[in-house]
1. Looking at this structure, is residue 134 within 16 Å of the chain's Cα centre (by Cα), part of a helix (DSSP H, G or I), at negative phi and not assigned by TED's automatic domain parsing to the domain that holds residue 74?
2. Contact list please: Cβ distance under 6 Å, first residue in the range 46-74 and over 12 Å from residue 17 (Cβ atoms), second residue part of a loop (DSSP other than H, G, I, E, B) and at pLDDT below 95, pairs at least six apart or on different chains.
3. Taking the stated definitions as given, is residue 173 over 23 Å from residue 67 (Cα atoms) and not assigned by TED's automatic domain parsing to the domain that holds residue 33?
4. Going residue by residue through the range 62-72, is there one that turns out to be over 19 Å from the mean Cα position of the chain (by Cα) and of a type outside the set (D, E, K, R)?
5. Across the range 153-183, what is the number of residues that are modelled with pLDDT under 95 and among the β-branched types (Val, Ile, Thr)?
6. Taking into account only those residues within the range 161-183 that are among the aliphatic types (A, V, I, L, M) and touching a residue at least 60 places away in the same chain (Cβ under 8 Å), which is farthest from residue 136 (Cα to Cα)?
7. For residues that are touching a Ser or Thr at 6+ places or on another chain (Cβ under 8 Å) and among the β-branched types (Val, Ile, Thr), scanning just the range 1-32, find the one that is surrounded by the fewest Cβ atoms within 10 Å (Cβ to Cβ).
8. Identify all residues within the range 137-170 that are among the aliphatic types (A, V, I, L, M) and either assigned by TED's automatic domain parsing to the domain that holds residue 31 or closer than 19 Å to residue 34 by Cβ (or both); write none if there are none.
Amino acid sequence: MTDEQIVQLFLERSESAVVQTKTKYGKYCFSVAMNILNNREDSEECVNDTYLQTWNCIPPHHPTRLSAFIGKITRRLALDMYRRKNTEKRGGRVKEVSEELADCIVFSNDIEKHIDEIVLTEIINEFLKQISDEQRRIFIRRYWYFCSVKEIAAENSMSQSKVKMSLLRSRNQLKTILEKEYF
């Protein structure tokens, strides 16, 4: 079933929309959640919450790329769950990935943070257009999907040191762009 047909089922409030979404994107959503949470039960809960949130968001939203739409919902829900479960104890891949980007991205208060996030999104999107396909793929797998360096290396048939070097170069390029834009 195509994404357009599934979205149409959501718009018609047909319960089969959830079934079709689960069939087509269940593994994808689970993978996104698992990369962040690293816990099977929490990831399954997050994926189920994704279906509910998707049901509640369509309508009024009418996504053109359903995979991106539900991927973003899953990611946000997983990060929220991660933050709730780790308010006292810090660690894991989310912290590791956040620390890697900490030199590039700094925020101050809530209002400024929101504005900065909007501007930052635009800058990062432009940055991603400027780098090579391989570099972009590695950057997104690491900083959007929270994949480990080992996983990225295996997926791209390259050494872990090459992935680390690509990430370092990407972060340095992004830092240079952000310093020009922000300061």
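1. Judged against the criteria, residue 134 is not a match.
2. 69/63
3. yes
4. yes
5. Looking only at that region, the number is 2.
6. Step by step, filter the range 161-183, then rank; the result is 178.
7. Only one residue tops the list, namely 18.
8. 140, 149, 152, 153, 154
The values are calculated or read from the model by the stated rules, or taken from the named source; none is laboratory data. On a predicted model such as this, the values are computed, not experimentally measured, just so you know. Every residue, glycine as well, gets a Cβ built from its backbone with ideal geometry; the counts of neighbours run over all protein chains shown.
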